[in-house]
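Peer 1: Mind having a look at this structure? Questions to follow.
The values are calculated or read from the model by the stated rules, or taken from the named source; none is laboratory data. Fair warning: this is a prediction, and the values are worked out from it, not measured in the lab. Glycine also receives a Cβ, built like all others from the backbone with ideal geometry; neighbour counts cover every protein chain displayed. Accessible surface areas use protein heavy atoms only, side chains included; no ligands, DNA or RNA. Shrake-Rupley method; radii C 1.70, N 1.55, O 1.52, S 1.80 Å.
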Amino acid sequence: MKNVLCIGEALIDFLSIDKGKNLCDTSGFIKKAGGAPANVAAAISKLGAKAHFCGTVGDDAFGKFLENTFNQNNINTDLMYKLKDRNTTFAFVSLMEDGERDFEFVRDADRYLSFDMIEKEIDKFDLYHFGSATAFLDGELKNTYYKLKEYALNNNKLISFDANYRDSLFSNNKDVFINCCKDYIKDSDIVKLSEEEAYLISGRESVKEAADYLISLGCKYLIITLGKLGAMLVTKDKQVLIPTKEIEMKDATGAGDAFMGAVIVQILNEENKNIEDIVKLANLVGGITTTKIGALESIPTWDEVKKYNEGESALTFN
Ligand SMILES: OC[C@H]1O[C@](O)(CO)[C@@H](O)[C@@H]1O
């Protein structure tokens, strides 16, 4: 089984219980495990590769809850550290009527992952996934992130990247965010961006122009997710729209992470599967994740995807 390292933040998503109300007006929250890289690790583990989460949480009740949840989901936590005197990072998430969200972060423990905490263990993985929403903010995690990318690059390892732009973290710092994303896009094998991220990072105003620019930075596969329309697959030679099934969305939190995990697993387990089929299935995995509240625990297994797709055109499942 292939091993994937997912580095960055694990946090508690406090999801608003009042759909359609913003964070100011909501009357309460439910607690869910989250953090974009942790959600990707959950998807990878559910879909058939070995996922390792690497990051820091507080040595508190919430850190314990995250550790328990990851263990229940077969995510390896050897490189997850519970830090004394630090609090687990929180995200407060409002759910709008259309399933979209707003995030506000109370950030602490996730910023303190130093490279020497992980250096001895970093050679064990087949693919390194960089998908942190917080890592491009100044601090220890950012240094570690860049050092790990250098390691992966110099050792010809596979690299995947998801930008995960969060306006509440970077609205005053967009240039830093954009430049960091370019550093990662140029060195990655697989890049996933939302349509808005593609415009933001490329400075272009159409998907086609954004795709032309972003693929020229150097990555091998670029996937731009387009919500209900599906996803645009971009390589140096082609741009193809891969449509998806219409789905009734309850909560989009974690859908992009589930999509990313599904792409990674299929690329690693590739049995001559073509990249368009890979994206087709990832569309379904992402879509199904939106049908329940919460990120990590809404991610389907292949059996659930298969069931959901019954009666549709033949797709090869892993
Ligand atoms: O991608 C969704 C995930 O990303 C975050 O916004 C940041 O890590 C989490 O709050 C959520 O679980």
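Peer 1: Would you work out the relative contact order for the chain, in percent, from Cα pairs under 8 angstrom that are 6 or more residues apart? Please report the intermediate quantities before stating the final value.
Peer 2: On the way: 709 pairs, mean separation 55.7, N = 318.
The normalised contact order for the chain reaches 18 percent.
Peer 1: Carbon and sulfur together cover what percent of the accessible area of the range 3-304 at a 1.4 Å probe radius?
Peer 2: Working: 5490 of 12190 Å².
The computed percentage sits at 45.
Peer 1: Give, in nm to one decimal, the length gained when the segment between SER27 and SER216 is fully stretched (0.36 nm per residue of separation minus the Cα-Cα distance). Before the final figure, lay out each step's value.
Peer 2: On the way: separation 189, 0.36 × 189 = 68.04 nm, distance 4.69 nm.
Extending this stretch completely gives an extra 63.4 nm.
Peer 1: Between GLU119 and LYS245, what is the label-to-label distance in nm when each label sits 7 Å out along the Cα-to-Cβ direction?
Peer 2: For GLU119 paired with LYS245, the spin-label model returns 5.0 nm.
Peer 1: Assuming 1.306 mPa s and 10 °C, estimate D for the chain with Stokes-Einstein, Rh taken as the Kirkwood radius over Cα pairs, in µm²/s.
Peer 2: Numbers: Rh = 19.4 Å.
Reported coefficient: 82 µm²/s.
Peer 1: Could the peptides 296-307, 42-53 be put in order, highest first, of the mean number of other beta-carbon atoms found within 10 Å of their residues?
Peer 2: Details: 296-307: 18.2, 42-53: 25.9.
Top to bottom by mean Cβ count within 10 Å: 42-53, 296-307.
Peer 1: Here is a further query. Taking Cα centroids, how far is the range 184-254 from the range 63-119 in Å?
Peer 2: Going from one Cα centre to the other spans 26 Å.
Peer 1: Short version: ³J(HN,Hα) in whole Hz for each residue of the range 4-15, in order, from phi by Karplus 6.51 cos²θ - 1.76 cosθ + 1.60 (θ = phi - 60°), x for Gly and Pro, what are they?
Peer 2: 10, 9, 10, 10, x, 8, 10, 8, 9, 8, 8, 8
Peer 1: Out of residues 5 or more away from ILE159 or on other chains, whose amide H comes under 5 Å of its own, with H placed 1.01 Å from N in the peptide plane?
Peer 2: Residues meeting the criterion, in which the H sits 1.01 Å from N, are TYR128, ASP189, ILE190.
Peer 1: Using protein chains only and a probe of 1.4 angstrom, how many square angstrom of GLU119 are accessible, to the nearest 10?
Peer 2: Only protein atoms counted, so the area is about 100 Å².
Peer 1: Quick one: work out the % antiparallel among DSSP beta bridges in the range 3-304, nearest 5. Could you put the intermediate results ahead of the total?
Peer 2: Working: 20 of 51 bridges.
Close to 40 percent.
Peer 1: What are the ³J(HN,Hα) values, in whole Hz, obtained from phi via the Karplus relation 6.51 cos²θ - 1.76 cosθ + 1.60 with θ = phi - 60°, for each residue of the range 26-36 in sequence order, with x given for Gly and Pro?
Peer 2: 5, 9, x, 9, 10, 8, 9, 6, x, x, 3
Peer 1: Step through the residues of the range 211-228 one at a time and calculate ³J(HN,Hα) from phi using the Karplus curve (6.51 cos²θ - 1.76 cosθ + 1.60, θ = phi - 60°), rounding each to whole Hz and writing x for Gly and Pro.
Peer 2: Result, rounded to whole Hz: 4, 4, 5, 5, 5, 5, 5, x, 6, 8, 10, 10, 10, 10, 7, 10, x, 4.
Peer 1: Using modelled amide H (1.01 Å from N, peptide plane; none on Pro or chain starts), what sits under 5 Å from the amide H of GLY230, excluding residues fewer than 5 places away?
Peer 2: Result for GLY230 returns THR244.
Peer 1: Simple spin-label model, 7 Å along Cα-to-Cβ: GLU310 to VAL176 in nm?
Peer 2: Distance between the two pseudo-spin positions: 5.1 nm.
Peer 1: Right, next: Determine the shape class of the range 271-312: with a ≥ b ≥ c the square roots of the Cα gyration tensor eigenvalues, call it rounded for a/c under 1.5, and otherwise prolate if a/b is greater than b/c, oblate otherwise.
Peer 2: prolate
Peer 1: Please list LYS186, LYS192 in order of solvent-accessible area, largest first, computed with a 1.4 Å probe with all protein chains present. The partial results should precede the final answer.
Peer 2: On the way: LYS186 95, LYS192 10 Å².
Reading off the accessible areas and sorting them downward yields LYS186, LYS192.
Peer 1: Here's a follow-up. Under a straight-distance cross-link criterion of Cα-Cα below 13 Å, which aspartates and glutamates are reachable from LYS182, leaving out those fewer than 8 residues away in the same chain?
Peer 2: Within reach: ASP162, GLU197.
Peer 1: Say the cut-off is 21 Å between C-alpha atoms; which of LYS64/LYS120; LYS31/LYS250; LYS157/LYS208; LYS19/LYS250; LYS31/LYS292 go over it?
Peer 2: Numbers: LYS64/LYS120 24 Å; LYS31/LYS250 16 Å; LYS157/LYS208 29 Å; LYS19/LYS250 9 Å; LYS31/LYS292 14 Å.
Table pairs above 21 Å Cα-Cα are LYS64/LYS120; LYS157/LYS208.
Peer 1: Right, something else. Report the full-extension gain for the segment LYS84 to ASP126: residue separation times 0.36 nm, less the Cα-Cα distance, to one decimal in nm. Can you show the working numbers first?
Peer 2: Numbers: separation 42, 0.36 × 42 = 15.12 nm, distance 3.12 nm.
Difference between extended and current length: 12.0 nm.
Peer 1: Counting heavy atoms of the protein chains only and a 1.4 Å probe, report the per residue accessible area for the range 3-304 as a whole number of Å².
Peer 2: Working: 12190 Å² over 302 residues.
It amounts to 40 Å² per residue over the range 3-304.
Peer 1: Let me ask you something else. Lys and Arg at +1, Asp and Glu at -1: add these up for the other residues within a Cβ distance under 10 Å of ASP78 and post the number. It would help to have the intermediate numbers written out before the result.
Peer 2: Values: positive: LYS124; negative: GLU121.
Combined, the nearby Lys, Arg, Asp and Glu give 0.
Peer 1: How much solvent-accessible surface does ASP116 expose, in Å² to the nearest 10, with a 1.4 Å probe and all protein chains in place?
Peer 2: For ASP116, the solvent-accessible surface is approximately 120 Å².
Peer 1: Please report the accessible area of LYS208 (heavy atoms, 1.4 Å probe, ligands and nucleic acids excluded) in Å², nearest 10.
Peer 2: Per-residue accessible area (LYS208): approximately 120 Å².
Peer 1: Moving on. List the residues whose amide H sits under 5 Å from the amide H of GLY131, counting only those 5 or more places along or on another chain, with H placed 1.01 Å from N in the peptide plane.
Peer 2: Counting only residues 5 or more places away or on other chains, the set is ILE7, ASP162.
Peer 1: Hey, what did the range 1-140 get for relative contact order, percent, Cα under 8 Å, at least 6 apart?
Peer 2: Numbers: 325 pairs, mean separation 47.1, N = 140.
That works out to 34 percent.
Peer 1: Run through the DSSP bridge list for the range 165-255 and note the antiparallel percent, rounded to the nearest 5. Write out the running numbers ahead of the final one.
Peer 2: Details: 8 of 13 bridges.
The antiparallel fraction comes to roughly 60 percent.
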